[in-house]
1. Over the alpha-carbon set of the range 291-434, divide Rg by the Kirkwood Rh and report the Rg/Rh ratio to two decimals.
2. As I understand it, the value is the acute angle between the Cα axis of helix 229-277 and the longest principal axis of the Cα atoms of the chain; what does it come to in degrees, rounded to 10?
3. Near the amide H of Asn89, under 5 Å away, which other amide H atoms are found, from residues 5 or more places off or on another chain, if H is placed in the peptide plane?
4. What Kirkwood hydrodynamic radius, in Å, does the chain give when the mean of 1/r is taken over all pairs of distinct Cα atoms and then inverted?
5. What chymotrypsin sites (Phe, Trp or Tyr not before Pro) does the range 145-189 have in DSSP loop regions with at most 16 other beta carbons within 10 Å?
6. Going by average Cβ neighbours within 10 Å, how do the peptides 301-313, 133-145 rank, with the highest at the top?
7. So if the hydrodynamic radius of the range 72-207 is defined as the Kirkwood radius over C-alpha pairs, what does Stokes-Einstein give as its diffusion coefficient at 20 °C and 1.002 mPa s, in µm² per second?
8. Pairing the Cα long axis of helix 163-195 with the longest principal axis of the chain, what angle in degrees results, from 0 to 90 and rounded to the nearest 10?
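The values are calculated or read from the model by the stated rules, or taken from the named source; none is laboratory data. Treat the numbers as computed from the prediction; the structure is a model and nothing was measured. Here Cβ is always computed from backbone atoms with ideal geometry, including for glycine, and neighbour counts include all displayed protein chains. Just the protein is used for accessible areas: all its heavy atoms, side chains included, with ligands, DNA and RNA removed. Shrake-Rupley method; radii C 1.70, N 1.55, O 1.52, S 1.80 Å.
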Amino acid sequence: MKPTLYIKFLTSYALFGILAFVVLCTFTQHSVNHYLEQHEAQQLYRESAQIASDYASSFANNTLSLQDFQTQMQTLGNYLSAEIWVMDNEGRILFNSADATVGQRAADAQYTMLPRFDTTDFGNTYSMIGDFYGSFSEETLTVFSSVTANYRVHSYVLIHKPVSNIIRTSNQLMNIAFFTVGIVFLSSFLIMLFFTLFVYRPIRKITRVAQNYAKSNFEPRIGLHTNDEIGFLANTMDYMANELDTLEEDQRKFISNVSHDFRSPLTSIKGYVEAMQDGTIPPELQSKYLGIILFETERLTKLTQGILDLNRFGHHGIMLDLADFDINRMIKTTILTFEGTCSKKGLSFDLVLTGQELFVTADMTKIQQVLYNLIDNATKFSHNNSAIKIETSIKNEKVLISVKDSGIGIPADSIKKIWDRFYKTDLSRGKDKKGTGLGLAIVKEILQAHKEHINVISTEGVGTEFIFTLPLSKREQEQ
Ligand code: ATP
Ligand code: MG
């Protein structure tokens with residue numbers, strides 16, 4: 001898998017960082033400068049208007065001495081970090097707060113002239129930025145207010161402040177902005193690092209292992225043991241791999257067993273039919289061999305039915321057709337099927353049933369199949385002239401059904417394997433050639449579907465007892 005999504009994510013992250021930086025350097029810086037200039041211009045304008053009305057007019061009317069005016073303007077200029085000028089209409093600089101000698105100026109002293117001075121250059125903002133007709137060596141913000149006396153403009157108050165002061169403030173603000181964006185970028189980087197370590201890398205690992213699973217290689221395990229959703233996903237995948245692994249192994253075993261069980265009867269059928277065809281078996285012996293062929297075909301039919309049943313039950317449960325029925329009656333009718341075999345082997349049934357009727361809630365046909373299989377096994381593996389005991393009892397709202405024989409028994413090391421498909425104990429092979437080894441596997445599936453249990457107690461050479469449970473029907477519980 002190409003980590004395209006991750007690369008896209010990283011690229012967008014880097015782009016976001018670059019874009020944020022560029023926007024800060026251009027748009028934000030420009031806006032802050034503009035805002036500060038406007039703000040400063042407004043403030044200076046207010047100051048100049050104040051001076052114009054309070055001081056300059058009284059100075060023009062000769063009610064304030066030049067000396068006093070100069071002291072006040074110098075203080076104010078220092079406070080504002082600006083120069084305060086008074087100019088007349090012709091561009092004569094009548095007063096400059098930065099000129100300390102103004103107070104001692106001789107009466108006939110020449111005024112500095114700025115003949116190009118024209119208030120229309122300010123536009124309608126009362127402020128301008130520049131060197132003010134070459135008066136300053138650096139960029140300066142200048143605002144003006146008119147001083148009126150006797151209804152006419154007598155002179156102008158101008159305040160000049162170097163733009164570098166405003167830029168210094170702007171830079172300080174920008175530093176704060178850069179610092180904030182830097183912190184945001186760094187914390188998002190930490191989030192991304194966290195995301196990479198705890199989300200992206202585990203997901204990549206899971207994906208890589210899942211690709212192996214898709215190729216039926218269940219060997220690698222994810223092995224993430226974190227206590228979160230990803231850890232849970234990894235554990236589930238590991239569990240799934242285990243299950244699939246055993247399932248595949250089971251399937252292989254199942255297919256090899258099926259093919260083996262089909263091949264042997266087919267080989268013998270083919271052998272006998274060929275021998276009859278080419279005359280190796282003379283016609284007078286043919287009926288004996290046809291009997292064997294019939295036996296083998298019956299076995300094949302039984303095998304096919306068993307496999308079909310198991311396949312139908314599958315892993316995900318069987319659809320049960322639950323109903324109340326009398327298990328005692330079912331036992332009695334089932335044993336009738338075995339009358340023929342029993343009389344041949346001299347077997348008898350010993351029924352110990354609870355009361356007359358005993359109702360259970362289960363799938364009738366399937367429980368019939370369970371009973372049939374267990375009684376069939378008991379008859380097949382019983383010694384001649386012995387008794388098979390079938391017992392029903394009630395315990396904790398459950399009905400216990402036991403089928404007990406006195407037969408060959410099951411060796412201790414085989415007891416767990418009898419539930420496996422196709423498994424037959426060595427002891428039983430000689431006794432029953434027709435058996436497929438699927439009966440108990442089907443029994444187990446059926447009872448598991450009912451969420452009930454089956455147990456086996458067996459002693460080799462003594463006998464075997466199978467006990468399974470069924471739910472007591474509601475009507476029995478109410479009695
Ligand atoms: P099928 O049920 O298809 O006729 P089967 O009886 O051989 O074949 P299962 O019913 O699954 O198959 O039984 C599996 C094996 O368990 C038997 O082959 C036998 O070896 C052993 N077994 C089952 N029941 C008994 C029993 N009552 N006594 C002794 N061995 C038994
Ligand atoms: Mg059986």
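1. Values: Rg = 16.5 Å, Rh = 17.0 Å.
Rounded to two decimals, Rg over Rh is 0.97.
2. 30
3. Under 5 Å from the amide H of Asn89 lies no amide H from a residue far enough along the sequence or on another chain.
4. Numbers: mean 1/r = 0.0297 Å⁻¹.
Roughly 33.7 Å, rounded to one decimal.
5. On the way: sites: Tyr151, Tyr156, Phe178, Phe179, Phe185, Phe189; in loops: Tyr151.
Listed in order of number, the matching sites are Tyr151.
6. Peptide ranking by packing, descending: 133-145, 301-313.
7. Working: Rh = 19.2 Å.
Rounded to a whole number, D works out at 112 µm²/s.
8. Taking Cα atoms only, the helix is inclined about 10 degrees.
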